[in-house]
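Data first, discussion second: the structure below is written as structure tokens.
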Amino acid sequence: MSVHVGLLTVEEFLKLPEPQEGYTELHHGEVVVMPPPKRGHQRIQRRILALLTKLAGKDGIAETEIAFRPLPEHEVWVADVGFVSAKRDQATADDEYLKGSPNLVVEVLSPSNTVDEISEKMSLCMDTGCSSFWVVDPKRKRVSVTEGDVTRHYGPSATAAISCELLTGQIQVREIFE
């Protein structure tokens, strides 16, 4: 059995076996095992996916659990839900990860998420192609949308405005949590 010393590259990461449960990500060259999402988490992801897909039309693709490489060499991250332009989607081969962050990234909070973890992911995404980063908080039934240096918070009775490359419109926040 060989033991790897040092940071893993994406090439080395791709050779690792899949975990029995969940999936792995590569953060700063270190493998992070992520547990599989629970049903409530998946339901929220599915609702957001449906809402974004309806708004996207033919201009882009919305996906759950979308893997991407925000930076070369030592990074592979996964967004709970992401939107990418049709052009970027088509430019990514079937056996590749999306290069750069999705245009819109949605993270649905789980009890295990830390503020540092979400802040780091938001910063990384916003620096590598993401123009809108959402944090969906099921416990508080709140959606926080960051675009540029501005974060807006929307409660369950609010309408969240979406202004992301090729994806504009409004979403009733209550539809995410119903």
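Determine whether the range 72-93 contains at least one residue that is part of a loop (DSSP other than H, G, I, E, B), farther than 19 Å from V135 by Cα, open to solvent by less than 20 Å² (accessible area, probe 1.4 Å) and touching a strand residue (DSSP E or B) at 6+ places or on another chain (Cβ under 7 Å).
Yes, there is a match, as at least one residue in the range 72-93 is part of a loop (DSSP other than H, G, I, E, B), farther than 19 Å from V135 by Cα, open to solvent by less than 20 Å² (accessible area, probe 1.4 Å) and touching a strand residue (DSSP E or B) at 6+ places or on another chain (Cβ under 7 Å).
With the condition kept exactly as written, say whether any residue in the range 97-107 is within 19 Å of E65 (Cβ to Cβ), open to solvent by 50 Å² or more (accessible area, probe 1.4 Å), among the acidic types (D, E) and out of contact with any Gly (no Cβ under 7 Å at 6 or more places or on another chain).
Looking through the range 97-107, none of the residues is within 19 Å of E65 (Cβ to Cβ), open to solvent by 50 Å² or more (accessible area, probe 1.4 Å), among the acidic types (D, E) and out of contact with any Gly (no Cβ under 7 Å at 6 or more places or on another chain).
Could you please let me know if E175 is within 16 Å of L52 (Cβ to Cβ) and open to solvent by less than 20 Å² (accessible area, probe 1.4 Å)?
In short, no.
Cβ-Cβ distance below 8 Å, separation of 6 or more or different chains: which pairs start in the range 69-80 with a residue that is within 13 Å of F13 (Cβ to Cβ) and end on one that is aliphatic (A, V, I, L, M) and part of a loop (DSSP other than H, G, I, E, B)?
H74/L7; H74/L8
Between E63, E21, E12, which is free of Cβ contacts under 8 Å to residues at least 40 places away in the same chain and open to solvent by 90 Å² or more (accessible area, probe 1.4 Å)?
Sole residue among the options that is free of Cβ contacts under 8 Å to residues at least 40 places away in the same chain and open to solvent by 90 Å² or more (accessible area, probe 1.4 Å): E21.
From the residues in the range 24-53 that are in a strand (DSSP E or B) and open to solvent by less than 70 Å² (accessible area, probe 1.4 Å), which one is nearest to L124 (Cα to Cα)? Step through it out loud before you land on a result.
So the first thing to find is which residues in the range 24-53 are in a strand (DSSP E or B), and the list is 24-27, 30-34.
Now restrict to residues that are open to solvent by less than 70 Å² (accessible area, probe 1.4 Å): 24-27, 31-32, 34.
Working: T24: 18, E25: 14, L26: 13, H27: 11, V31: 17, V32: 16, M34: 18 Å.
Ranking the qualifying residues of the range 24-53, first place goes to H27.
So which residues in the range 6-28 are out of contact with any Asp or Glu (no Cβ under 8 Å at 6 or more places or on another chain) and either polar (S, T, N, Q) or under 15 Å from L71 (Cα atoms) (or both), if there are any at all?
E11, F13, Q20, E25
Select from the range 108-137 the residues that are of a type in the set (G, A, S) and touching a residue at least 24 places away in the same chain (Cβ under 8 Å) and write down the one among them that is least open to solvent (accessible area, probe 1.4 Å).
By that ranking, first place goes to S132.
Filter the range 13-69 down to the residues that are among the β-branched types (V, I, T) and farther than 18 Å from K87 by Cα and list them by number.
The answer is T24, V31, V32, V33, I44, I48, T64.
Across the range 151-166, what is the total count of residues that are open to solvent by less than 70 Å² (accessible area, probe 1.4 Å) and out of contact with any helix residue (DSSP H, G or I) (no Cβ under 6 Å at 6 or more places or on another chain)?
6
The values are calculated or read from the model by the stated rules, or taken from the named source; none is laboratory data. The shown structure was predicted, so the numbers you read here are calculated from the model rather than taken from an experiment. Every residue, glycine among them, receives a Cβ derived from its backbone with ideal geometry; neighbour counts consider all protein chains shown. Heavy atoms of the whole protein, side chains included, go into the accessibility calculation; ligands, DNA and RNA do not. Shrake-Rupley method; radii C 1.70, N 1.55, O 1.52, S 1.80 Å.
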